[in-house]
1. Looking at region 221-233, is at least one residue out of contact with any helix residue (DSSP H, G or I) (no Cβ under 8 Å at 6 or more places or on another chain), within 28 Å of GLY13 (Cβ to Cβ) and of a type outside the set (Ser, Thr, Tyr)?
2. Considering LEU137, LEU194, which residue is assigned to a loop (DSSP other than H, G, I, E, B), of a type in the set (A, V, I, L, M) and under 19 Å from the mean Cα position of the chain (by Cα)?
3. Only one of VAL185, VAL99 is closer than 14 Å to GLY238 by Cα and out of contact with any Cys (no Cβ under 6 Å at 6 or more places or on another chain). Can you tell me which?
4. For the condition hydroxyl-bearing (Ser, Thr, Tyr), over 24 Å from ASP191 (Cα atoms) and in contact with a Phe, Trp or Tyr (Cβ under 8 Å, 6 or more places away or on another chain), what is the one hit in THR14, THR26?
5. Could you identify the single residue in ALA58, ALA92, ALA25, ALA77 that is among the hydrophobic types (A, V, I, L, M, F, W, C) and in a loop (DSSP other than H, G, I, E, B)?
6. Only one of ARG192, ARG169, ARG112 is surrounded by 14 or more Cβ atoms within 10 Å (Cβ to Cβ) and closer than 23 Å to ASP90 by Cβ. Can you tell me which?
Amino acid sequence: MPYSYFILLSFDGTRYCGWQIQKNATSVQETIDKALSTLLREPIRTVGAGRTDTGVHARRFYAHFDTSAILTNEHIAQTVYKMNRILPPDIAIQGIFPVNPDAHARFDAISRTYQYFICTQKDPFYHRKAWLMEPKLDIQTMQRAADLLPKFEDFSSFAKSNSQTKTNRCKVFHARWTSQDHLLVFEIKADRFLRNMVRAITGTLVDIGLGKIDMNDFAGIIEAQDRRKAGYSAPGHGLYLVDIEYPYELRVTG
């Protein structure tokens, strides 16, 4: 009988095509699967909490996997240690946890939180880690627009076209801008996100901050349910998946 585990990791997505395995490109999932298969001495295929686009980063990302081995606390600690030694420096493992056999990293998640970083002046420490946007942005107006997001459920206007998603309905819990020195951070939390949704929302809000889109038109853009009505997508390298929440009963003691 297989035994189920969750793995908690973080990664710098600069070198990767995203989490999902793809042909002729290096993915985070493929890199993790190879390391686990080597250490557990059997083929391992992880299932991630979701896809990430090329260049997108994750501070907290979960995946689950099954193995024929019963991993004791000591064995788990050794596996985490060894994985962090053989994985490249842009991927780190924080923990491995035993879970119930029917636990699912993607479908059991009850919320996800993303942050998007904008740098308002050139900063070498945020190269490929934030979107350089030197023109002055009207943050107050951008926040007024962001405040409207929890009032809507259908986000088709911010969904990647030709996706296989069955529904474009999402529940946004909060969306807020903060600033510190020359960094602007947009944080958004929802029960689920459509592919490209956060980047499309961010790009549209930036257009509002630049005066390219009138704040009073934002609700109409959402209601149109038409991707062509919204702004362009912000670059992937400024986006971070920072948290995923699961029901407490998802984990089992062990």
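1. yes
2. Working: LEU137 fails: under 19 Å from the mean Cα position of the chain (by Cα).
One residue alone meets the criteria, LEU194.
3. Just one listed residue meets the conditions, VAL185.
4. Values: THR14 fails: in contact with a Phe, Trp or Tyr (Cβ under 8 Å, 6 or more places away or on another chain).
THR26 is the lone residue from the list that is hydroxyl-bearing (Ser, Thr, Tyr), over 24 Å from ASP191 (Cα atoms) and in contact with a Phe, Trp or Tyr (Cβ under 8 Å, 6 or more places away or on another chain).
5. Numbers: ALA58 fails: in a loop (DSSP other than H, G, I, E, B); ALA92 fails: in a loop (DSSP other than H, G, I, E, B); ALA77 fails: in a loop (DSSP other than H, G, I, E, B).
The unique qualifying residue is ALA25.
6. Details: ARG192 fails: closer than 23 Å to ASP90 by Cβ; ARG169 fails: closer than 23 Å to ASP90 by Cβ.
Unique residue meeting the criteria: ARG112.
Every number in this text was worked out from the coordinates using simple rules, so none of it is lab data. Source: prediction; values computed, not measured. Neighbour counts are summed over all protein chains in view; Cβ atoms, including those assigned to glycine, are modelled from backbone coordinates with ideal geometry.
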